[in-house]
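What follows is one structure encoded as structure tokens, with my remarks underneath.
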Amino acid sequence: MPWMKAVFEVRHKDILGRIGVLTVGGKKAETPAFVPVINPVNQVVPASEIAEMFNCNIVITNSYILFRRLRDEVRERGVHAVIGFDGIVMTDSGGYQVLQYGEVEASPVDVALFQEAIGSDIATPLDRPTGLVRRGQAVKTVEETLKNVKATMEAVGPSSRCVWSAPIQGGLYPDLVEKCVDEYRGMGFSYYCLGSPTPLMTAYKYDKLVSMISVARRRLGPVPPLHLFGAGHPMVFPIVVALGCDLFDSASYALFAAEDRYILPYGTARLDQLYSLPCSCSVCGSTTVKELRQMEKRERFRLLSLHNLNVCFQELNQVRQAIWEGRLFELLERRSRAHPALYQAFQAMLEDTQLIDLAVSQTPLSKRRGLFLYDRYSLLRPEVRRAMAWLEKFEVNKERLETAVLVNVWSTAVKEHTTLLEKINGLVNGRYELFTYGTVYGLIPYSLNNVFPYSQTTTPETLIRSLENEIYEKAARTLSKAGFKHVYVILLGRDAYPGFAKGLTNHLTQALQAEVKFVKPT
Ligand SMILES: [Zn+2]
């Protein structure tokens, strides 16, 4: 077996997001993980403090800066001692510097052997970030990255003590992203990184970010851990996790703080745009916006960095909670309202049918909490798509009965169930097949009563109203295919909204070659 492997164990899943544990040489980190970038020569908030405050077990630092500025010290003492962090230390290759300053001064092999020598837990071959470039240039970046990775893996050999990450480049060109994944697949990697999201995020091209991650995740398959390089802002955490990114690093907390920018879960504000501090973290609870503006620059830099870190880790915890509850989609629906570009990205995700098919296959069959649906986009969530598909496939009226009874009340308790059947038997003669109506799912055979999510779905009346015709037509199709001769529409208690049951009856009367009766017991 070549070089050391990362072990990734998935505990909970939702959409393509998962809560998991990444183990690297005996050290563990829970995912999804926000991986703070530690500047080795200027730690505005020391890595050890981040570890303690936020229970953070993985950080990333820049091997290029270490190489340029602390070469001998870090070789001697090791990267953990130099940055003061004993969890998982990942090093990036300096590929970002290639993007910013054109070239690095060391060869790919130098960079690799250096990362190994300083004891990096997860090391990165020298990649060439694609960024937002024309195709010809993108092809070059991918060729160079692949060439560097091959040279690196040959140089470090099979006994390497690092987990080596596989840097996926190609940016907005799906075939190039796929080419990277395909090349790496045979090489034995256990940790993949997707590059170049930062220019997309800076330009608010979140929809393009969605398609780039989608291509990489689909090509990789649902299993291996995927790290997104430089995913700067907590407002993208829910969507990048939903798309299958398990780790994402960022230096934004410090870069923004250096420019007096205050991160919010839904955006960023300059300090002079704040009326008060809309946060209750340890920093914001003990200072005011006025004090922050007036304090000495270095101290303000530190406090803003701390606040920004707080928001990142808080949002990360929200994402984990949402996965555990099975409500990541609902978090996405809320967060996508933070910016029109993010909303567009959310729509792009839902229109990506291949991605959603993969998400349907990964989303658990039942969840801790019921579903909240809000609008037509909610109908595209994996659980609803799956539930609709099951209904399409379900064989109705196997016994060739003549009568269908449609009732609007769900009943899960046995006692209520018996009462419901007694009530219906008092109204209908002979044997019948029972369905319920009044939800977005259309007609649900009663035998699916307890199957998630049919009776665990909460919908506003307005959504059912806006789907009225579709629901009626679907009901007519189901009943007509099954060949019933008599249909009873029974209304017990409250209707979905006033007139829904009557409307269904009228529609079925028109559409079916059957006798349709509306019954409202008193
Ligand atoms: Zn705060």
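The values are calculated or read from the model by the stated rules, or taken from the named source; none is laboratory data. Quick caveat, the model's predicted, so the values are computed rather than measured. Neighbour counts run over all protein chains shown; Cβ positions are idealised from the backbone, glycine included. Quick note on the areas: whole protein, heavy atoms, side chains included, nothing else; ligands and nucleic acids left out. Shrake-Rupley method; radii C 1.70, N 1.55, O 1.52, S 1.80 Å.
Yes or no, residue by residue, for (1) open to solvent by 60 Å² or more (accessible area, probe 1.4 Å); (2) farther than 25 Å from A341 by Cα; (3) modelled with pLDDT under 95; (4) more than 20 Å from the chain's Cα centre (by Cα):
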site: A166; (1), (2), (3), (4): no, yes, no, yes
site: G171; (1), (2), (3), (4): no, no, yes, no
site: M187; (1), (2), (3), (4): no, yes, yes, yes
site: C193; (1), (2), (3), (4): no, no, no, no
site: L200; (1), (2), (3), (4): no, no, yes, no
site: Y204; (1), (2), (3), (4): yes, no, yes, no
site: V210; (1), (2), (3), (4): no, no, no, no
Seminar exercise, completed: In the set G131, G119, the lone residue that is small (G, A, S) and within 22 Å of G230 (Cβ to Cβ) is G131
For this session: Tell me, yes or no, whether region 230-244 has at least one residue that is within 15 Å of the ligand (Cβ to nearest atom), under 28 Å from Y192 (Cα atoms), assigned to a loop (DSSP other than H, G, I, E, B) and of a type outside the set (V, I, T).
Result: no
Problem set entry | The one condition in (1) in contact (Cβ under 8 Å) with a residue 24 or more places away in the chain; (2) among the aliphatic types (A, V, I, L, M); (3) within 11 Å of the ligand (Cβ to nearest atom) that L292 fails to fulfil | (1)
Problem set entry | Within region 414-496, helices (runs of 4 or more DSSP H) holding 3 or more residues that are over 26 Å from L380 (Cα atoms) | 414-427
Seminar exercise, completed: For region 247-269, the count of residues that are among the β-branched types (V, I, T) and open to solvent by less than 10 Å² (accessible area, probe 1.4 Å) equals 1
Seminar exercise, completed: In region 19-38, anything out of contact with any helix residue (DSSP H, G or I) (no Cβ under 7 Å at 6 or more places or on another chain) and touching a residue at least 24 places away in the same chain (Cβ under 8 Å) is listed as G20, L22, V24, G25, K27, K28, A29, E30, T31, A33, V35, V37
For this session: Answer yes or no as to whether E9 is within 30 Å of P382 (Cβ to Cβ) and open to solvent by 30 Å² or more (accessible area, probe 1.4 Å).
Result: yes
Exercise. Just checking, which of L304, L355 is within 13 Å of the ligand (Cβ to nearest atom), out of contact with any Gly (no Cβ under 6 Å at 6 or more places or on another chain) and assigned to a helix (DSSP H, G or I)?
Worked result: L304
Problem set entry | Complete set of residues in region 30-43 that are modelled with pLDDT of 95 or more and open to solvent by less than 30 Å² (accessible area, probe 1.4 Å) | T31, P32, A33, F34, V35, P36, I38
